[in-house]
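Here the structure comes first, spelled out in structure tokens, and everything after it is commentary.
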Amino acid sequence: MKKLLKLMVIFALSLWGGMGVAQVPAGYNTPIPSEIMTPDEVQTEQLGTLSFFDGMPEPSTVEKVYENLDRMRGVEAFLDLVPLASIEAMRRGMESVGIDKANKVLLFEELMDSNALFLTGNTDTIYAIGLLNLERDGPTVVEIPPGAGPGTVNDAYFRFVVDMGAPGPDKGKGGKYLILPPGYEGDVPKGYFVANSRTYVNWLPLRGFLKDGKTDAAVKMWTEGLKIYPLADAANPPALEVVNGTGKVMNTIHANDFSFYAEIDDVIQREPIEFLDPEIRGNLASIGIEKGKSFKPDERMKRILTDAVAVGNATARALAFRPRSKTIRYYGPKSAWFSAFDGADYRWLIDQGKGGRNKDARTLFFYIATVNTPAMVLEMVGAGSQYALAATDDQGEYLDGSKTYQVDIPADVPAKDFWSLVVYDPQTRSMLQTGQLYPSKNNQRNRDMKPNADGSTTIWFSPEAPTGHEANWIQTVPGKGWFVCLRLYGPLKPWFDKTWRPGEIERVD
């Protein structure tokens, strides 16, 4: 019997070979692999000493790990739901200036300026922005006029629903779109480009282009040709009502403090339960946000979530301004220029989903930008749009508003429609507010810019205009940072194959 027991022990040891030396601890009859055991004390970097009685956590450890778990869930809720909070902030901001019906649009008749807080808003296209409420209105029609630039519908989680205008199925020729609410089972009439949304609230950003540096043609196109109305009113659609957004002071940016979770709760209560997957809903439920229930965190949870949103906000800002991804830089690790769409997938899927979802890339994008469409990532030569951002100079330092910088835009910019540079505030991620209402340069609008002898254009950034370079100058603010976005509308092949590239931002003082 003893010989048999010895053989059994030897056999057990051989099975655990390579997994560490298995011994027979006190209280056991057989060898136990050390890696499955928990010592009475475990040292951690984050939580300090964790204490156990024979693998069962002591009361002090239970309290630590549950606080940590709730904090982790709160941080994940922030990072996962920045897109949702952004649309909710957009809804609130637009309703605050009177966009409360389907047939009302916010039209920037003299372009978007720095008064309005919009994530990386554009000074160079004529925005007509609508807000759909499919719960209130049911199926909703959007009639797009011929000649429209890129337009998109995004749902309440900032997911792509459909493109309109040049990159959409109407191919810039105009047409009628019908947006159906979640779960719609009614008749669908013919003659429409039909799209189904998973949410009731949908955001509708449309763009028109400058003509001869002016907004007149695009404003006329939108005011005379755009129609938005419930399908139920198709026989007698209401006229378009326009609210001019130029010069308006408004906020469309989500909170970065505890009130972020209240914003999220409002959306959860409003939208159908199926619009988010069970994993995300379960995470929210664990911190007290659940459809049909009041969000009333006790003092402990409020304290934890206040800490969690601070960590989440810091994480999002690190992703946005110091991205660590190895695939995000356009021109290698020494270049500051990076893509807002890391991985070039509007769903943020890695290898078509084989690698899952790049959640860091999704958080990065929606923390600093808006509009989710394939047209911003696919190689749509001459039709879509492309973007490059930079928050650091050629030495890797943050851009400082008290200093002077220059960047060279080489000749023959590969943009069929136009190119522009817009400067943004890192706090609001909206246009930098300076003495210049439009903190940007555009080759269509700013026709007084002076080119260099080789056809390139040098843009200057500083608090005061460098002598002789006033026409090529974008103002910055001492004591504030800034970052910049290069836009190409109608990007051409040299952009995609990188035979053309912008210069790096160089400090010159």
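Just so it is clear, none of the values below were taken in a lab; they were calculated from the coordinates. A quick note: this is a predicted structure, and the numbers were derived from the prediction, not measured. Virtual Cβ from ideal backbone geometry, glycine too; neighbours counted across all protein chains shown.
What the table below lists for this structure:
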quantity	calculated
Value at 222 nm in deg cm²/dmol, rounded to 500, when DSSP H runs of n ≥ 4 in the chain each add -39,500 (n - 2.57)	-8000 deg cm²/dmol
P(r) tail fraction, the chain - alpha-carbon pairs more than 45 Å apart, %	24
Rounded to 10°, Cα long-axis angle of helix 216-225 versus longest principal axis of the chain	70
Positive minus negative residues near Arg300 (Lys, Arg vs Asp, Glu; Cβ under 15 Å)	0
Positive-end residue of Gln23, Pro145, Ile273, charge dipole of the chain with Cβ unit charges	Gln23
Taking only Cα atoms of segment 98-244, radius of gyration then Dmax in Å	14.5, 47
Calculated on alpha-carbon atoms, Rg and Dmax of segment 323-507 in Å	16.3, 54
Hydrodynamic radius by Kirkwood, which averages 1/r over all alpha carbon pairs of segment 239-327, in angstrom	15.9
Value of relative contact order over segment 379-509, rounded to a whole percent, pairs C-alpha under 8 Å and six or more apart	46
Extent along principal axes [Cα atoms of segment 449-509; Å; largest to smallest]	38, 28, 20
Amide H partners (placed H, <5 Å) of Tyr177, local residues excluded	Val142, Glu143, Ile144, Phe193
Whole-number percent relative contact order across segment 54-153, with pairs defined as alpha carbons under 8 Å at least 6 apart	21
Rounded to the nearest 20 debye, dipole of segment 98-244 from Cβ charges on Lys, Arg, Asp, Glu	300
20 Å Cα-Cα reach of Lys326 towards aspartates and glutamates, excluding residues that sit fewer than 8 places from it in its own chain	Asp342, Asp345, Asp351, Asp360, Asp393, Asp394, Glu397, Asp497, Glu504
Sites Ala255 and Thr467 - FRET efficiency at Förster radius 51 Å, r taken between beta-carbons, to 0.05	0.75
Tilt relative to the chain, helix 59-96 - C-alpha long axis, 0 to 90 degrees, to 10	10
Cα-Cα over 27 Å, subset of Lys334/Lys359; Lys173/Lys493; Lys176/Lys493; Lys176/Lys291; Lys173/Lys441; Lys248/Lys403	Lys176/Lys493; Lys176/Lys291; Lys173/Lys441; Lys248/Lys403
Length-normalised contact order for the chain - Cα pairs under 8 Å, 6+ apart - percent	16
Lys/Arg +1, Asp/Glu -1 at C-beta; segment 323-507 dipole; positive extreme among Leu421, Gly384, Asn472	Gly384
Phi to ³J(HN,Hα) by Karplus 6.51 cos²θ - 1.76 cosθ + 1.60 over segment 367-373, Hz, x for Gly, Pro	6, 10, 9, 9, 6, 10, 8
